[in-house]
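Chemist: This is the structure I want to talk about, given as structure tokens.
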Amino acid sequence: MTVLFLNTENLFDPADDPQKDDDAYTPDGDYHWNRTRYWNKLDAISRVIVAADEESAPGIVGLAEVENETALTDLTARSALREAGYRFVMTDSPDRRGIDVALLYRKNYFRMIGYESLRVNLRPLGGGATRDILHVTGLLESLDTLDVYVCHWPSRYGGTGETEQLRMCAAGVVRHSVDSVFSVRRKPYVIIMGDLNDGPDAPALRVGLKAYPYSSGADKGDRELVTVMDAVEQGSYKYQGEWDTYDQFVVSASLLNGLGCVELIDADVLAAPFLLMDDDNYGGVKPFRTYNGRRYQGGYSDHLPVKMRIGF
């Protein structure tokens, strides 16, 4: 089964929601977001998801920067994805911009048992409202239980060092929940995915999440976490000419040590040519995003997707 994560870069529907700061993504807003551009965006996301696996659409897809259930209903039931039969669940966060994370799943691969939204309280650290973390539990075809976390951790806006403690807080929330899963599962299988706004070696992952490097994963016990993207050369996000791997997978070592029924096969950044464009400022290529500033390009996202395959 293929597992995919994509930061969709502002998947808003064009309707104004007075409860959210979505004015920029309305027909009269800064980006002149209309029905045509919205449906083009849905078609683009559909193409990304289908491209992740040549044989079958991914069984599980994590998404970030999704406004509401309307957008997900249109994506799963009214776009090219409708034949895949995706169902979805999403958070309802207090994020100022009104964006959330979501999980799409195909019932023949993953049968959802339950889900919860985990609130990240940044106020004691001087931070504002941020995205909830989505925790979904389900059964694989093999009848093994899989716990999936979809994350969009606080951004680096304001400075990497100045905001590090905010991502440490988010990591702590995830780790606390994972520890609860570890305490009740006889054989825990955990996948954490998302836009973590940090690389695999950042303190939020090594200290906050207590995740070990991939190179040592096979030697760890089932109840340890391991970063997966350490050795992947292609980054998922490019800023001022430098690639970084902010979009990541972190898994329980039970998927790596060869002692269980479910195992990680591989993981990579999906850098298909249609997702890239020439980088005229810094050379090479960069993600083909929907907007360049406020100029509409009609691309896909400012982040490249990441994918992994698991066998069972």
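Chemist: Return the total of residues in the stretch 121-139 being open to solvent by 10 Å² or more (accessible area, probe 1.4 Å) and touching a strand residue (DSSP E or B) at 6+ places or on another chain (Cβ under 7 Å).
Modeler: Number satisfying all stated conditions: 4.
Chemist: A further question follows. Answer yes if at least one residue in the stretch 229-250 is of a type outside the set (Phe, Trp, Tyr), in contact (Cβ under 8 Å) with a residue 24 or more places away in the chain and over 30 Å from ARG47 (Cβ atoms), and no otherwise.
Modeler: no
Chemist: Please specify each residue of the stretch 220-242 satisfying the condition of being touching a helix residue (DSSP H, G or I) at 6+ places or on another chain (Cβ under 8 Å) and either closer than 21 Å to ARG167 by Cα or crowded, with 21+ Cβ neighbours inside 10 Å (or both).
Modeler: Hits for the stretch 220-242 are GLU224, LEU225, VAL226, THR227, VAL228, MET229, ASP230.
Chemist: Kindly establish whether TYR214 is over 24 Å from SER155 (Cα atoms) and in contact with a helix residue (DSSP H, G or I) (Cβ under 7 Å, 6 or more places away or on another chain).
Modeler: For TYR214, the condition - over 24 Å from SER155 (Cα atoms) and in contact with a helix residue (DSSP H, G or I) (Cβ under 7 Å, 6 or more places away or on another chain) - is not met.
Chemist: Only one residue in GLY258, GLY217 is open to solvent by less than 10 Å² (accessible area, probe 1.4 Å), out of contact with any Lys or Arg (no Cβ under 6 Å at 6 or more places or on another chain), modelled with pLDDT under 95 and under 24 Å from THR145 (Cα atoms). Which one?
Modeler: After ruling out the rest, the residue left standing is GLY217.
Chemist: Scan the stretch 6-57 residue by residue and report those that are outside any strand (DSSP E or B) and polar (S, T, N, Q).
Modeler: Result: GLN19, THR26, ASN34, THR36, ASN40, SER46, SER56.
Chemist: Listed residues LEU205, LEU134; which is within 22 Å of SER254 (Cβ to Cβ) and in a helix (DSSP H, G or I)?
Modeler: Criteria check complete, one pass: LEU205.
Chemist: Scan the stretch 272-308 for residues that are more than 21 Å from ASP30 (Cβ to Cβ), surrounded by 12 or more Cβ atoms within 10 Å (Cβ to Cβ) and of a type in the set (Gly, Ala, Ser) and report the count.
Modeler: Qualifying residue count, the stretch 272-308: 1.
Chemist: Within the stretch 190-202, count every residue that is in contact with a strand residue (DSSP E or B) (Cβ under 7 Å, 6 or more places away or on another chain), surrounded by 24 or more Cβ atoms within 10 Å (Cβ to Cβ) and in a loop (DSSP other than H, G, I, E, B).
Modeler: The number of residues fulfilling the criteria is 1.
Chemist: Is it the case, given these coordinates, that ARG167 is at pLDDT 95 or above, basic (Lys, Arg) and over 29 Å from ARG87 (Cβ atoms)?
Modeler: yes
The values are calculated or read from the model by the stated rules, or taken from the named source; none is laboratory data. A quick note: this is a predicted structure, and the numbers were derived from the prediction, not measured. FYI the Cβ positions are ideal-geometry reconstructions off the backbone, even for glycines, and counts take in every protein chain you see. In case anyone asks, the SASA skips ligands and DNA or RNA and just uses the protein heavy atoms, side chains included. Shrake-Rupley method; radii C 1.70, N 1.55, O 1.52, S 1.80 Å.
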